[in-house]
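Everything below concerns the one structure shown next.
Computed from the coordinates by the stated procedures, all read-outs in this text should not be read as laboratory data. The structure displayed is predicted, hence computed values, not measured ones. Here Cβ is always computed from backbone atoms with ideal geometry, including for glycine, and neighbour counts include all displayed protein chains.
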Amino acid sequence: MSQKIVFSITGMTCAHCAQSVEKALMAIPGVDSAQVSLANNQAEVVLRSPIPTETLLVAVTQAGFGAEMKQDNVSDSARLPAESEPLHVAIIGSGGAAMAAALKAVERGARVTLIERGTIGGTCVNIGCVPSKILIRAAHIAHLRRESPFDAGITSQAPTICRESLLAQQQSRVEELRHAKYEGILAQTPAITVLRGEAGFLDEQTLSVALADGSARAILFDRCLIATGASAAIPPLPGLADTPYWTSTEALASDSIPSRLVVIGASVVAVELAQAFARLGSRVTILARSVLLSQEDPAIGEAITNAFREEGIVVRENTQAKRVDYRDGEFQLTTKEGLFRADRLLVATGRAPNTRSLNLAAAGVEANSHGSIIVDKELRTSAPNIFAAGDCTDQPQFVYVAAAGGTRAAINMTGGEAALDLSTMPAVVFTDPQVATVGYSEAKARQQGITTVSRTLTLDNVPRALANFDTRGFIKLVAEAATGRLLGVQAVAPDAGELIQAAALAIHNRMTVQDLADQLFPYLTMVEGLKLAAQTFSKDVKQLSCCAG
């Protein structure tokens, strides 16, 4: 039984173009006839045997034209795989969300086409988490060699920084992890096909991929995951575009440490890299539009600001650049407070989703005003067969959120049911002292109409901090006033990231502060501070013995 398929053709300008499309279609085995109308910009194809619509679209695109299926003329048999064929999942991107989704989809019987326009592995392993934490750790070692609380008994000495060697060590580990966790796994998984190119939607079940050789390939999918990540957001600051400014990508790849560094921004990336470069030898000035880490509890920003100033980092609060100029190898930033000069300028004012080139409208995928794709707890977009996960969505921009989202999206794309619960999502800022949070702050609880009670324990009450001779910071617990149930924890402390998961588990399991106070914690650990903070709801911990139960 023959089947007729009608689809639109774009890019035809003359009768010869129409003839070229007809010739390309007729060359496909199984095509009985093909009639192409220049006037209507469409093709009618009669099939004598079933042919995947992807094959037809590819033939047109390889002939140099665009093609889009007319959905009302395509039978279900042309859209859906036969019962013997696996579900086809297309994934745009190759970072944490994409890889987690690809592996889970394959595990559940799907075949996957993974499309990547740049370097395999996405942001985290290549230009984000991994290289930044290596740099931060190196800077921490440099700082300890220069000064520590034990200098009276251990001779300190200013280290010599060889950034070229540090960069080589950093990039070697990046390449090692990229191969082990991304490239190697993809090469060993035959159910995943990697396609190098830039993808955009033709409709709600078809992608067009622009390949490096200038050609385009149409990809028909049953389900699609958008996992394209995010890139540095650049503010519309006069003069900035004409200067060789850094984003975090260039800063992490730099083979030198600038003598003077100005940082525009006051959130996670800004504070982490500002302190790292300061400890490696830069004279750093931070220009903060309001205060450092302004989205957190005010005590957090205050504590980090004080720690930075003690290290010689200049923090200029409520200061915005009005213009940037670059003359004779020097940046000049004009503000109401005066002129700031630097050898390098780091712009760290947030990250924007990589969604602008996807042609989301063609697929019916809705995004917010920032371009972030709107998803529900199942990672579904507004298009029924399209999901999204990671930094390109309106969810928090953390790689572990992306990976968890990718896994759950894959389950849902392949017929399962899974939701992403972010109610106890921990977050860490890798400054020194670190910042770690989970659950509600007092302000966020108040916005939800929850009446809270809280306690703040300074680290001079934590034995581990006393033994370290480093009592910078605090641990704050937020509880529901009526029940005492733990709702949130904010911590500023060395290794705060190592204690926050215990707090997350306590909140997840709906523990009260008294439940937490009654738990056994190992003595002389920083996490014991959670127990001590919980005890302050009913006791004066200054009156307790060292390891009072």
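Miscellaneous remarks
- In order along the range 96-113, the Karplus-derived 3J(HN,Hα) couplings, from 6.51 cos²θ - 1.76 cosθ + 1.60 at θ = phi - 60°, round to x, 5, 5, 5, 4, 5, 4, 5, 5, 5, 5, 4, 9, x, 8, 9, 10, 10 Hz, and Gly and Pro are given as x.
- Computed label-point distance, nm, for sites Lys322 and Asn509 using a 7 Å Cα→Cβ extension: 5.7
- Table column - 3J(HN,Hα) (Hz), the range 16-23, Karplus curve with 6.51, -1.76, 1.60, x for Gly and Pro: 4, 4, 4, 5, 5, 5, 4, 4
- Inter-part distance where the range 131-162 and the range 311-371 are each reduced to a Cα centre, Å: 30
- Near the amide H of Ser156, within less than 5 Å, lie no amide hydrogens of residues on another chain or at least 5 residues away, with H placed in the peptide plane.
- Kirkwood radius and radius of gyration were both taken over the C-alpha atoms of the range 224-300, and their ratio Rg/Rh is 1.01.
- Whole-Hz ³J(HN,Hα) from phi, Karplus 6.51 cos²θ - 1.76 cosθ + 1.60, for the range 409-425, glycine and proline x: 4, 4, 4, 5, 5, 10, x, x, 9, 8, 10, 9, 9, 9, 5, 10, 7
- Segment Glu183..Ser165, full-extension length gain: 4.0 nm, with 0.36 nm per residue of separation and the alpha-carbon distance subtracted.
- Kirkwood Rh in Å, taken over all unlike Cα pairs in the range 427-539: 13.7
- Ratio Rg/Rh, restricted to the range 240-349 and using Cα atoms, in which Rh is the Kirkwood radius: 0.94
- Computed from the Cβ-Cβ distance with R0 of 30 Å, the FRET efficiency linking Gln543 to Leu144 stands at 0.30.
- Cα gyration tensor shape for the range 307-407, rounded if a/c is under 1.5, else prolate or oblate: prolate
- The modelled label-to-label distance between His370 and Tyr400, using points 7 Å beyond Cα along the C-beta direction, is 2.1 nm.
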